[in-house]
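Chemist: My questions will all concern the structure given below.
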Amino acid sequence: MEERLYDLIFICRPATPEEEIDKIISTLENAVTERGGKVDKKEKWGARKMAYRVMRHREGYYVLLVVRSSQSDTVHELERRLKVNDAVIKYMTVRLDEDMKRQKRLQQRRERKAARRPRPSRPAHSHPGAEQPAAAAPQQP
Amino acid sequence: MPDETKNESQPNPPQEQPKAAEAPRAEAPHAESKPAEPRPHSPRPSEGRPRSEGRGGDGRGGESRGPRDAGREGGKRGRRGFFRKKKVCRFCVDRVDYIDYKKPEQLMTFIQERGKIVPRRITGTCSRHQRWLAEAIKRARNIALMPFGGVR
């Protein structure tokens, strides 16, 4: 299986001590690395207000992990661990690689277009625009 | 032959009079409406009356539409009608390739008070970006970054 990219967000009870959150993160990280995956990013957003009440909490401690893995059971295992943990009140995994691929493709297309465009279009715009290609043209060749 | 003399003296408007008189009445509105558009001023009152007996009603209706577009009454209408500013997709302007669900502050502008996603006919978002936006909002809702209903 090709490698996939996931966003894993989970919310802990706001009263959870910091060490315990770190512990959860490290166990998750272990689970990922065991399966030949990688944690690209670890972000602790800290306690923030949630948009609605979750298990009677109005605030939650948000943690974001960006996980890269090519094994299919990774996410399954991560979610199982989060489900088991009492401190975690909510979690979500989002597969991101498709979106990122699309983003990259669009970006490349835009760059290609931008590279193709400058000479014919710029003089048509205005005088300040017309001065630029004169300066830019010598740089290109 | 009064018609011919008129033709020579006044180049454009009377040309239609003989045509309209000779041609069958069914064709009259067609023949008339075409030349009426470019110069709406002179021919209209003179022609409208003689044909008002039978199909005159149709003829006038067809005719009156032309000049309105061209200018006389149309000018007033155009000014009276309110001009709507063309809406542009905000994401297209910023060249957005991916709408991040982890930034609820940005998404908040695209939901209504009660948490509904604002339709794109109101925000002007293009269809592609609206799709991405809806996806992002739904993800954000799922993880309590954005409300499902009103903010409590």
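Chemist: Those residues that are touching a strand residue (DSSP E or B) at 6+ places or on another chain (Cβ under 9 Å), part of a loop (DSSP other than H, G, I, E, B) and not hydroxyl-bearing (S, T, Y), I need them from the range A:16-39; list them, please.
Modeler: The answer is A:R35, A:G36, A:G37.
Chemist: Identify the residue in the range B:100-119 that is without any contact (Cβ under 8 Å) to a residue 24 or more places away in the chain and in a helix (DSSP H, G or I) and, among all such residues, is nearest to the other protein chains (Cβ to nearest Cβ).
Modeler: Selected residue: B:E105.
Chemist: Go through (1) hydrophobic (A, V, I, L, M, F, W, C); (2) within 12 Å of another protein chain (Cβ to nearest Cβ); (3) free of Cβ contacts under 8 Å to residues at least 12 places away in the same chain for A:L64 and report which single condition fails.
Modeler: For A:L64, the exception is condition (3).
Chemist: Something else: Hey, does the range A:132-141 have a residue that's in a helix (DSSP H, G or I) and either touching a His at 6+ places or on another chain (Cβ under 9 Å) or at pLDDT 50 or above (or both)?
Modeler: no
Chemist: Part of a strand (DSSP E or B), loosely packed, with under 13 Cβ neighbours inside 10 Å and within 12 Å of chain B (Cβ to nearest Cβ): which single residue out of A:R53, A:R48 fits that description? So that I can check it myself, show each step before the final result.
Modeler: On the way: A:R48 fails: loosely packed, with under 13 Cβ neighbours inside 10 Å.
Residue meeting the stated conditions: A:R53.
Chemist: May I pose another question? Of all residues in the range B:120-137 being in contact (Cβ under 8 Å) with a residue 24 or more places away in the chain and within 12 Å of chain A (Cβ to nearest Cβ), which is nearest to A:E111 (Cα to Cα)?
Modeler: Filtering first and then ranking leaves B:H129.
Chemist: For the range B:71-97, which residues satisfy the criterion of being part of a helix (DSSP H, G or I), within 14 Å of chain A (Cβ to nearest Cβ) and either exposed (fewer than 10 other Cβ atoms within 10 Å of the Cβ) or modelled with pLDDT under 80 (or both)? Walk me through how you get there before you give the answer.
Modeler: Looking only at the range B:71-97, we keep the residues that are part of a helix (DSSP H, G or I), and these are B:72-80, B:90-93.
Adding the requirement that they be within 14 Å of chain A (Cβ to nearest Cβ) leaves B:91-93.
Correct list: B:V93 only.
The values are calculated or read from the model by the stated rules, or taken from the named source; none is laboratory data. No experiment lies behind these values; they were computed from the predicted model shown. When we count neighbours, we look across all protein chains shown, and the Cβ atoms used for this are built from the backbone with ideal geometry, even at glycine.
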